[in-house]
Amino acid sequence: MTRGGWHGKGLFAAGVIIVGGVAVAAIVGPVVAPYEPSVQNLPLRLAGPTLTHPFGLDELGRDILARVLAGARISFIVALTVVSVSASVGTVLGAVAGYFGGVTDDVVSRVIDVLLAFPGLLLAIALVAVLGPSFSNVVLALTVIGWVGYARLVRGQVLRTREFEYVQAARALGASSARILWRHVIPAAFPAVVVQATLGMAGAILGEAALSFLGLGVQPPTPSWGTMLSGGRAHLLDAPHLTIFPGIAIALLVLGFNFVGDGLRDLADPKQLRR
């Protein structure tokens, strides 16, 4: 095993442990947590971490640990929904554009160029500002800016794959374009899409947190890590735990997904496989 192979496996293992741990906490935590994330205890508002409340209480006396665990669910749901829809739409459009070329490729490519001309987060902010802040609109806005990367990636893969001998042979044997795309072309791009989707999970989590931080994401009283960060800004000096723990949660989960994506990319590298 080469140094690069160990590096890829180490990143992947570390990322799986982090993401798996946060996922288990998100699923089991709110069920076994002794406090509800929305229950207020105003006499103890802004109380620091204790054995009873390990993460302390927020400005309304709500248990931060319970809210962090509940917010993890929101982050996972948003990320999974955005990545699933974006990857599906981007893969189909990219594959069709790359395989057929011509006018179809020109139209899809121009749409991609237009969307890439705008900073992704600013475009998402504009869309949510127009549509109104809600969970569904956050998912829609992040999907609109998310499918572009998958489409561009798959288009490039298809442009290369469609010239392979086995694809030419299938075409010569009379296989339909839909069958060639589904059975031969798209599967060749699948590993790259998986890596992109893993990294896209981290981007979706950051996007949702940013929109919620600005008040354009998931609305209270539903817990969201971005909303928690926004609420803790006024208490950075007297109660820093309001922002420390949700900030750590965001950084840890994003780091975990990046580790998984980087590990998968290293393991899928043909040079590493040959070594």
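Each value in this text was obtained by applying a stated rule to the coordinates, not by laboratory testing. Computed from a predicted structure; not experimentally measured. Every residue, glycine among them, receives a Cβ derived from its backbone with ideal geometry; neighbour counts consider all protein chains shown.
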Practice problem: For region 143-152, take each phi angle, set θ = phi - 60°, evaluate the Karplus expression 6.51 cos²θ - 1.76 cosθ + 1.60, and give the result in whole Hz per residue in order, putting x for glycine and proline. | Solution: 6, 4, 8, x, 5, 4, x, 5, 5, 5
Quiz prompt | Dipole-positive endmost among Leu115, Leu80, Leu69 within region 1-119 (Cβ charges, Cα centre) | solution = Leu69
Quiz item: Any idea how far apart Val103 and Thr50 come out in nm if each label point goes 7 Å out from Cα toward Cβ?
Solution: 7.2
Quiz item: Under 19 Å from a point 7 Å along the Cα-to-Cβ line of Asn41: which residues of region 48-92 have their amide N that close?
Solution: 48-71
Quiz item: Once phi is turned into θ = phi - 60°, what whole-Hz ³J(HN,Hα) does the Karplus curve with 6.51, -1.76 and 1.60 give for every residue of region 83-89, x standing for Gly and Pro?
Solution: 5, 4, 5, 5, 5, 5, 5
Quiz prompt | Net +/- balance of residues flanking Val218 in space, Cβ distance below 13 Å, scoring K and R +1, D and E -1 | solution = +1
Quiz item: For the Cα atoms of the chain, what angle does the longest principal axis make with the long axis of helix 241-267, in degrees from 0 to 90, nearest 10?
Solution: 20
Quiz item: If you average the sequence gap of Cα pairs under 8 Å that are 6 or more apart and divide by the length of region 166-275, what percent do you get for the contact order?
Solution: 25
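How fast does region 64-274 diffuse by Stokes-Einstein, in µm²/s, taking the Kirkwood radius from C-alpha pairs at 10 °C and 1.306 mPa s?
85
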Quiz item: What residues qualify as long-range amide H neighbours of Phe164, i.e. H under 5 Å apart, gap of 5 or more or another chain, H built at 1.01 Å from N?
Solution: none
Exercise. Calculate the spin-label point distance for Ile248 paired with Val28, positioning each point 7 Å from the Cα along the beta-carbon direction, and give it in nanometres.
Key: 1.9
Quiz item: When all C-alpha to C-alpha distances in region 1-133 are sorted into bins of 5 Å, what percent of pairs does each bin hold, rounded to whole numbers?
Solution: 2, 9, 10, 11, 11, 12, 14, 12, 8, 6, 4, 2, 1, 0
Quiz item: Simple spin-label model, 7 Å along Cα-to-Cβ: Glu165 to Leu255 in nm?
Solution: 4.8
